[in-house]
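The values are calculated or read from the model by the stated rules, or taken from the named source; none is laboratory data. Everything quoted here is computed from the prediction, not taken from an experiment. Positions of Cβ are backbone-derived with ideal geometry, glycine not excepted, and every protein chain shown enters the neighbour counts. In case anyone asks, the SASA skips ligands and DNA or RNA and just uses the protein heavy atoms, side chains included. Shrake-Rupley method; radii C 1.70, N 1.55, O 1.52, S 1.80 Å.
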Amino acid sequence: ASHIKATINSYQDSRRATQEKQHFELHEAIHSAMAMLVLNQVSVTLDCPKFIDIYGPHNLFIQMLLNLLKNSIEAMQQRYLEEPGFQPMLFIQVKTTTASTINLVITDNGCGISEQALNKLFEQGYTSKETGSGLGLGSVARTLALFNGGIDITSSGRNQGTSIHISLPTSY
């Protein structure tokens with residue numbers, strides 16, 4: 001019984017550590033997430049000023065970025081399968097909108113999202129992928145709530161790419 005209790009305590013400690021809020025640099029977080037991805041043939045343009053400080057659970061933020069970037073890469077891979085000459089391009093741009101708010105925009109030129117799918121993206125269990133769980137974007141929204149941030153996803157349709165707009169408060 002003490003083994004089970006120790007396992008549960010260890011799990012709870014790791015959950016708390018994951019949710020522990022701290023100051024971190026957005027530029028560094030984007031680079032950390034990018035370093036964990038396989039970017040075969042994807043041209044990446046990153047436009048992010050240094051020294052933008054964010055406050056919240058650092059590990060959850062990186063997990064969230066990984067989730068979003070992985071979705072973009074998969075959308076571009078899907079389009080590449082249909083169009084062999086296609087050049088996948090990912091743009092990550094950070095803009096300061098006010099003294100206390102920034103916009104992080106992730107744009108890909110992948111397969112795009114239909115209007116019907118756009119309306120269901122954040123529904124728990126919804127997925128357009130054969131092996132998807134439908135938990136990804138729900139967890140993204142929950143992570144952003146911990147940062148008092150917001151998300152909006154737009155796409156003009158099939159093979160028109162997708163833009164993910166995230167608004168975040170800065171912590172100066």
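Some observations on this one:
- On inspection, Ile102 fails the criterion of being surrounded by 14 or more Cβ atoms within 10 Å (Cβ to Cβ), touching a residue at least 40 places away in the same chain (Cβ under 8 Å), farther than 21 Å from Met34 by Cα and of a type in the set (Val, Ile, Thr).
- In region 75-99, residue modelled with the highest pLDDT [restricted to those that are open to solvent by 80 Å² or more (accessible area, probe 1.4 Å) and under 20 Å from Ile166 (Cα atoms)]: Phe91
Yes or no, residue by residue, for (1) touching a residue at least 24 places away in the same chain (Cβ under 8 Å); (2) at positive phi; (3) in a helix (DSSP H, G or I):
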position: His23; (1), (2), (3): yes, no, no
position: His31; (1), (2), (3): no, no, yes
position: Met34; (1), (2), (3): yes, no, yes
position: Lys50; (1), (2), (3): yes, no, no
position: Gly56; (1), (2), (3): yes, yes, no
position: Met64; (1), (2), (3): yes, no, yes
position: Asn67; (1), (2), (3): yes, no, yes
position: Pro84; (1), (2), (3): no, no, no
position: Ile92; (1), (2), (3): yes, no, no
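- Only a single criterion out of (1) open to solvent by less than 20 Å² (accessible area, probe 1.4 Å); (2) in contact with a helix residue (DSSP H, G or I) (Cβ under 7 Å, 6 or more places away or on another chain); (3) at pLDDT below 85 is not satisfied by Val140, namely (3).
- Counting only residues that are surrounded by 11 or more Cβ atoms within 10 Å (Cβ to Cβ) and closer than 23 Å to Asn148 by Cβ, region 31-59 holds 12 of them.
- Scanning region 36-48 for residues that are of a type in the set (Val, Ile, Thr), touching a strand residue (DSSP E or B) at 6+ places or on another chain (Cβ under 6 Å) and either modelled with pLDDT under 90 or part of a loop (DSSP other than H, G, I, E, B) (or both) turns up just one, Val42.
- When the residues of region 105-118 are filtered to those that are in a helix (DSSP H, G or I) and more than 14 Å from Ile164 (Cα to Cα), the one that is least open to solvent (accessible area, probe 1.4 Å) is Ala117.
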